[in-house]
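Bear in mind these aren't lab numbers, they're just calculated from the coordinates by the rules spelled out. The model shown is predicted, which means the values in this text are computed figures rather than measured ones. Cβ coordinates were reconstructed from backbone atoms using ideal geometry, including for glycine residues, and neighbour counts include every protein chain displayed.
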Amino acid sequence: MSQENPNSRPQGQGRPQGRPAETGAPRISRVDASVASPVKFFFASALLWLLVSSVLAVITAVKLHLPGFLNGCEFVTFGRLDAIQRNVFFYGWASNALIGLNLWLLASLGRFEFRNAWIATLGGLIWNLALTIGVAFVLLDSQNAFELLELPRGVAPAFFVAFLLAALWPAVAFARRPTSHVFVSQWYILGASFVLPVVYLLAQLMVLWCPTNGVLQALVHSWFLQNFLFLWLGASALAAVYYFLPKELGTTLTGYYLSTVGFWTLFLFAGWTGPATLLGSPLPLWIQSTGVVAAVMLLIPLTITSINFFGTLSRDSGWSRAWNNTTLRFVAFGLVAYTLATVLQIVFSARSLNAIVRFTAFTAGQQQLLTYAFVSMVIFGAAYFILPRLTGAFWPSAKLVHLHFWSCAVAVVGSVAGSLVFGWSQGAALAAAKPFADTAHPQAALLSSACAVLFLIGHVAFAVNAFGMLTSCSSSTDEGRQA
Amino acid sequence: MKNLNLILAGVFFTVAAPFGGLLLGGHAQLGALGRAPAEEGGPLLPALEPGLAIQGRQVYLQLGCVACHTQQVRPAGQGSDIAQGWGARPSVARDYVLQPQVALGNRRVGPDLANYGARAKSDAEIAAHLSAPAAGSAMPAYAFLFSPAKDGSLQPNERGAALIAYLKSLRQDYSSPEAKLKQ
């Protein structure tokens, strides 16, 4: 396996955002051009869903302290909007963006000119159509009790086929090519693209199509959810980090030879961690304990990614160079979040600690740390790098880039910290046998509403900038070049 | 990529192992679990749910009550659920064997409902709560499940009645072979 050597890319593929070319707009390479249309399609869809999800997040956050807000009719009750918001965020925003990002990474790493890009675009169309229909059904009628399986089960086959076309097929097609270089990013993408459809299909079958007996459904669901979070979202985002960090710092990764061990141990253990999220449930103890052991084992891949990434960042003033580079600023932020999220996952799998925070906002904070502060921030960073190369334009406004980073960073720090602190304190009060009604923190809902508004502002800034670029292919203002 | 087959085989193994170990293992243990009497010759428990309650579960799921309510009581050493008065004993797998869709939930904005039927008072009080939770409650009003009757009392519509029947059917207040009630 070889390093993601920054110098090995052909010249003329545009420059990093922080160091724009002296003259003219970025050129669109042939490799980039070959995947431009599906990747742009996935990013544009992701952005639209992100906006929908952020508006819904504001509404649901406000509803938690003003339950009368927008409560006129059944379609806008909390339970429904909450489920829709979550599905839109995960399937609409994160999954669309990661499919697009993975596609672009594969093309770039393999320097592969993609012949049948329309197949991926077709997959994308099916995916987004299925999601739209599924959301409409949840709005009107159907739903069930399991996070991320709320969409009607008829959507599942469409999602499955769409994913095969848009993600698994390209991954295998790229990987089949004979090349001398094998990059660990490709491993992660291949793994993630393989795990998601298999796990999704089995979970659909065992929970919705022919449901297993009673609490086993919850076990299957926890297995699905941990796979989705760590091995689809997490692994795809790690693939991007393994690409952008050395490339943009112009260096090699510390301890790169360890990275395959990191890959295998993550895939080996993360799939077993589901039951660690079900401690105290009516499932057999041996199942719960297996989950805890697996969660502790995540220490191994975490150590390796930390050596790889933080080792690299702490050399040659890497942190400050990352801070001054748009893409790496988001990526480095995400890396810190990934580390914290995994540490929390490990520490709060301990029975005594888990007993306190289980069922409180704490777990929501943990999830947001992983899926927003890590995965979404990495996607943003990647988008700042990729979109100029696909459109041949610069980002229209540097001010909007700053607004985007700061509002999202502040919002996610505030929101995660709020969930963790208020969740912990509610859990501690409950453990001290205070009556349930006296343990809720009204400030928590206020804080999360404020953060939801900040998220929305950041996402609008990002969307305005991105759509400005996607729709115009003219070159940019001077201001944008300094983004 | 030279290692393609190796990677795919490896990843396949990493998916298959927990699937076999956890899911099939769990299935071997619990897949055929059924009802059982608390003591020799007693009635099979959990008791069959009334038809209206079965419809009510659908309403519960459709409205997403699970976003804020759980239905599981943890054992005494694992959280304070029993001390909170949400159940006299921990929930066990057998309690759920009749449910086509379990709604264990993983977030408690409101109290656990595993035993709500055992502590619920009258239909009228449940209806009053669902249609207009007390001021300050984070629970939204589900007024569309009710209409005021002529005498001013709340009349649940079909779904409202089903939901109330379902809520009243939620109880794990019997002895089970795995979790005896303390005498």
To the nearest 10 degrees, how steep is helix A:30-65 against the longest Cα principal axis of chain A, on a 0 to 90 scale? 30 degrees
Quick one, could you list the DSSP H helices from chain B stretching 18 Å or more along their long axis (Cα atoms) with average Kyte-Doolittle hydropathy of 0.5 or above? B:4-18
Which ³J(HN,Hα) values, rounded to whole Hz and listed in residue order, are derived for region A:259-269 from phi using the Karplus coefficients 6.51, -1.76 and 1.60 in 6.51 cos²θ - 1.76 cosθ + 1.60 with θ = phi - 60°, glycine and proline given as x? 4, 5, 4, x, 4, 5, 5, 4, 5, 5, 9
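Could you tell me the relative contact order of region B:50-181? Use alpha-carbon pairs under 8 Å, at least six residues apart, and round to a whole percent. Write down the numbers at each step before the final one.
Details: 205 pairs, mean separation 45.5, N = 132.
It comes to 34 percent, rounded to a whole number.
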So the angle from the long Cα axis of helix A:235-249 to the longest Cα principal axis of chain A, reported in degrees to the nearest 10, equals 40 degrees
Spelling out what I want: for every residue of region A:290-299, take phi, set θ = phi - 60°, compute 6.51 cos²θ - 1.76 cosθ + 1.60 (Karplus), and round to whole Hz; glycine and proline get x. 4, x, 5, 4, 4, 4, 5, 5, 4, 4
With +1 on the Cβ of every Lys and Arg and -1 on the Cβ of every Asp and Glu, and nothing else charged, how large is the dipole of the protein assembly as shown about its Cα centre, in debye rounded to the nearest 20? 1060 debye
Evaluate 2.2 N^0.38 Å with N set to the residue count of region A:248-394, then give the Cα radius of gyration divided by it. 1.21
Evaluated at 20 °C with a viscosity of 1.002 mPa s, what Stokes-Einstein diffusion coefficient in µm²/s does region B:50-181 have when Rh comes from the Kirkwood expression over alpha-carbon pairs? 138 µm²/s
Taking a cut-off of 13 Å between Cα atoms, list the aspartates and glutamates near A:Lys40, but don't count ones fewer than 8 places away on the same chain. A:Asp32
Report the one residue of A:Met206, A:Gly124, A:Ala167 whose Cα lies farthest in the direction of the positive end of the charge dipole of region A:118-254 (charges on C-beta: Lys and Arg +1, Asp and Glu -1; origin at the Cα centre). A:Ala167
Between helix A:216-226 and chain A: long-axis angle, C-alpha atoms, 0 to 90°, nearest 10: 30 degrees
For A:Arg358, B:Arg57, what's the fewest-to-most ordering of other Cβ within 10 Å of each Cβ? B:Arg57, A:Arg358
Quick one: what do you get for chain A if you divide its Cα Rg by 2.2 N^0.38 Å? 0.94
If the reach is capped at under 26 angstrom between alpha carbons, list the lysines near B:Lys182, excluding any in the same chain fewer than eight residues apart. A:Lys434, B:Lys121, B:Lys168
Suppose R0 equals 35 Å; then what is the FRET efficiency for A:Cys210 and B:Leu52 from their Cβ-Cβ distance, rounded to the nearest 0.05? 0.85
Using a simple spin-label model with points 7 Å from Cα along the Cα→Cβ vector, what separation in nm is obtained for B:Ala88 and B:Ser122? 2.5 nm
Out of every Cα pair in region A:183-298, what percent are spaced more than 26 Å from each other? 28 percent
Would you mind pulling out the separation of the Cα centroids of region B:52-110 and region A:135-155, in Å? 20 Å
May I ask you to order B:27-35, B:7-15, A:223-231 by the average number of other C-beta atoms within 10 Å around their residues, highest value first? A:223-231, B:7-15, B:27-35
Name the residues whose placed amide hydrogens come within less than 5 Å of the amide hydrogen of B:Val73, ignoring near sequence neighbours (fewer than 5 apart) on the same chain. B:Ser91
In this structure, the FRET efficiency calculated for A:Val336 and A:Val261 from their beta-carbon separation, with R0 = 22 Å, to the nearest 0.05, is 0.50
Helix-derived [θ] at 222 nm for the protein assembly as shown: sum -39500 (n - 2.57) over DSSP H runs of at least 4, divide by residue count, nearest 500? -18000 deg cm²/dmol
With unit charges on the beta carbons (Lys and Arg positive, Asp and Glu negative) and the dipole taken about the Cα centre of region B:50-181, which residue among B:Ser131, B:Gly160, B:Tyr174 sits farthest to the positive side? B:Tyr174
